Amino acid sequence: MVTQNDLVTPIVAEIPKPVLTNLNSTGTKVSALSLASIKAKKDLEAQQNQQQKHKEELPSEIFNETDMLLQWNKFAQKMTDAGKRLMATYMQMNDPSLNGTTITLELPNQSTKEEFLSGCHELIGYLRGKLHNHDITIEVVVNETVENKYAFTPQEKFERLKQINPTIELLRKTFDLDV
């Protein structure tokens, strides 16, 4: 005998309703799936492009490395105060160098470079505003040799000590010591 609890109720999927956007000039809502919305989007993009300044209108004042380093360190302190210590640490690992309007920063590995580049948009905006030059770019160079190698196993530790003082091998042989 089939009871009410044994019946399976079918799940009916709802058809998504088109999103209504308020993009047209009359103020009425337009479906996002209509041709009118495409026209409204193009009108909005054209309006935004007119409001943006052309590249030649943006300031490009000359600045020196001292000014850049001063603003760099101020931004690093601002990041520290805001709780973004990782970005501040990356900025303070090495002093950046200036070549024209390109700021070059040396970081120890590729993952550090990727982390820095993911968060440097705010830095670029800050530097462009404070130094009044919108041609500023940041280039990150990876220097793998800066990274320290750590010895974890007893054999690695012994090899490291042997590099520092080669006579330790004589000591090991003399007293027949294990590594």
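The values are calculated or read from the model by the stated rules, or taken from the named source; none is laboratory data. Keep in mind that this is a model prediction, so the values were computed, not measured. All Cβ positions, glycine included, derive from the backbone under ideal geometry; neighbour counts span all protein chains shown. Accessible surface areas use protein heavy atoms only, side chains included; no ligands, DNA or RNA. Shrake-Rupley method; radii C 1.70, N 1.55, O 1.52, S 1.80 Å.
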Q: May I ask you to evaluate 6.51 cos²θ - 1.76 cosθ + 1.60, the Karplus curve with θ = phi - 60°, for each residue of segment 74-91 and list the ³J(HN,Hα) values in order in whole Hz, giving x for glycine and proline?
A: 5, 5, 4, 5, 4, 5, 4, 5, 7, x, 9, 5, 5, 4, 5, 5, 4, 5
Q: Any chance you could get the radius of gyration and Dmax over the Cα atoms of segment 56-166, in Å?
A: 18.2, 65
Q. Within segment 112-133, what residues put their amide N at less than 13 Å from the label point 7 Å along the Cα-to-Cβ vector of Val142?
A. 112-117
Q) Whose amide H sits under 5 Å from the amide H of Glu106, counting only residues 5 or more places off or on another chain, with H placed in the peptide plane? A) Val141
Q.
Quick query: amide H of Cys120 versus all other amide H atoms, modeled in the peptide plane; which residues come in under 5 Å with a sequence gap of 5 or more or a different chain?
A. none
Q | Reach of Lys162 by Cα under 17 Å, taken over aspartates and glutamates that are not fewer than 8 positions away in the same chain | A | Asp176, Asp178
Q.
Suppose all protein chains stay in the model; what accessible area per residue would a 1.4 Å probe give for segment 95-179, in Å²?
A. 69
Q.
Less than 10 Å Cβ to Cβ from Leu105, Lys/Arg counted +1 and Asp/Glu -1: what total charge do the surrounding residues give?
A. -2
